[in-house]
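If you scroll down you'll find the structure; I have some questions about it.
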């Protein structure tokens, strides 16, 4: 039987909630808690819908990352985090503590890199537990220990991590709906496969992170090039087969493309270690959680705490998610 590990991109979900939910959502002391409420609602929904055996949350750190060292302009255009959102980060940490959920973060690395590393380590664990025994047969104990990973994020860059054991659960249409993405879902959404995402970003750049890609190459051209040649390397090996204007842009922008490729790639070598027993959804102090939810004014979420009865109105949606999960 497979055991599911859910990895939540804390900052991505917090940002999404902060901008999607009204600024009028405050607690009884007048403190803005819209991001905390949105994050908590998504967290409880994930636990109910996906039924993880293991769960962990990751956060960005404010310190510069290795990407800032590679490219001085990386994310330079991003505005500073609103103080009203910054103040909510510590509150969400209180929520996670009340629910006894582990947090992973590391100076010099983004949450994406922490997730990429943990997902890779989970996949390696899966391989180890399913490798053949000395008799040439797969061990039954290994088969019972297989791990599948679902990443919860609003950041599409993380689509590059999707594979046969990793899916992405992403909010869509503001913050009220979510979709489970596998490789086919990525291809349908962006026109490229997960293992082409890095090269796709290398060609077209990323305005949100402020790396350039190849000037003059947009999403449609990037998709066509990758459909024809498969990878950035093969594109550059076949410049003679391209229209002169496109080949010229690629030649002139090669250095920029290679830098952007490096910046776009999520590392799987962040200095963190996945210890599954520490990520297991453990018993938590329910009274402590209820007290905190009352303090925050989250009355509508109090009956959604783990162990409560499911919301019957969402059974149809949950059943659809269960069918999707059979893809893993």
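The values are calculated or read from the model by the stated rules, or taken from the named source; none is laboratory data. Note that the structure is a prediction, hence the values are computed from the model and not measured. Cβ placement follows ideal geometry from the backbone for every residue including glycine, while neighbour counts extend to all protein chains displayed.
Pull out all pairs, ordered by first then second residue, where Cβ-Cβ is under 8 Å, the residues are six or more apart or on different chains, the first lies in the stretch 1-12 and is in contact (Cβ under 8 Å) with a residue 12 or more places away in the chain, and the second is part of a loop (DSSP other than H, G, I, E, B) and crowded, with 24+ Cβ neighbours inside 10 Å.
Close Cβ pairs satisfying both conditions: 8/153; 9/153; 12/153.
Take the residues of the stretch 160-173 that are loosely packed, with under 14 Cβ neighbours inside 10 Å and assigned to a loop (DSSP other than H, G, I, E, B): which is modelled with the highest pLDDT?
Kept after step one, since they are loosely packed, with under 14 Cβ neighbours inside 10 Å, are these residues of the stretch 160-173: 164, 172-173.
Keeping just the survivors that are assigned to a loop (DSSP other than H, G, I, E, B) gives 164, 173.
On the way: 164: 92, 173: 72.
The residue in question is 164.
Do you know which residues across the stretch 183-212 are within 17 Å of the chain's Cα centre (by Cα), assigned to a loop (DSSP other than H, G, I, E, B) and surrounded by fewer than 20 Cβ atoms within 10 Å (Cβ to Cβ)?
Passing the criteria: 193, 208.
Residues checked against (1) under 19 Å from residue 183 (Cβ atoms); (2) assigned to a helix (DSSP H, G or I); (3) modelled with pLDDT of 55 or more:
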{"site": "142", "(1), (2), (3)": "no, yes, no"}
{"site": "148", "(1), (2), (3)": "yes, no, yes"}
{"site": "151", "(1), (2), (3)": "yes, no, yes"}
{"site": "158", "(1), (2), (3)": "yes, yes, yes"}
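Right, something else. Testing residue 126 on (1) part of a helix (DSSP H, G or I); (2) over 16 Å from residue 268 (Cβ atoms); (3) at pLDDT below 95, one condition comes back false. Which one is that?
So the condition that residue 126 fails would be (2).
For the structure I just gave you, tell me whether residue 108 is surrounded by 14 or more Cβ atoms within 10 Å (Cβ to Cβ), part of a loop (DSSP other than H, G, I, E, B) and free of Cβ contacts under 8 Å to residues at least 60 places away in the same chain. If you could, list the steps in order and put the result at the bottom.
Values: surrounded by 14 or more Cβ atoms within 10 Å (Cβ to Cβ): yes; part of a loop (DSSP other than H, G, I, E, B): yes; free of Cβ contacts under 8 Å to residues at least 60 places away in the same chain: yes.
Judged against the criteria, residue 108 is a match.
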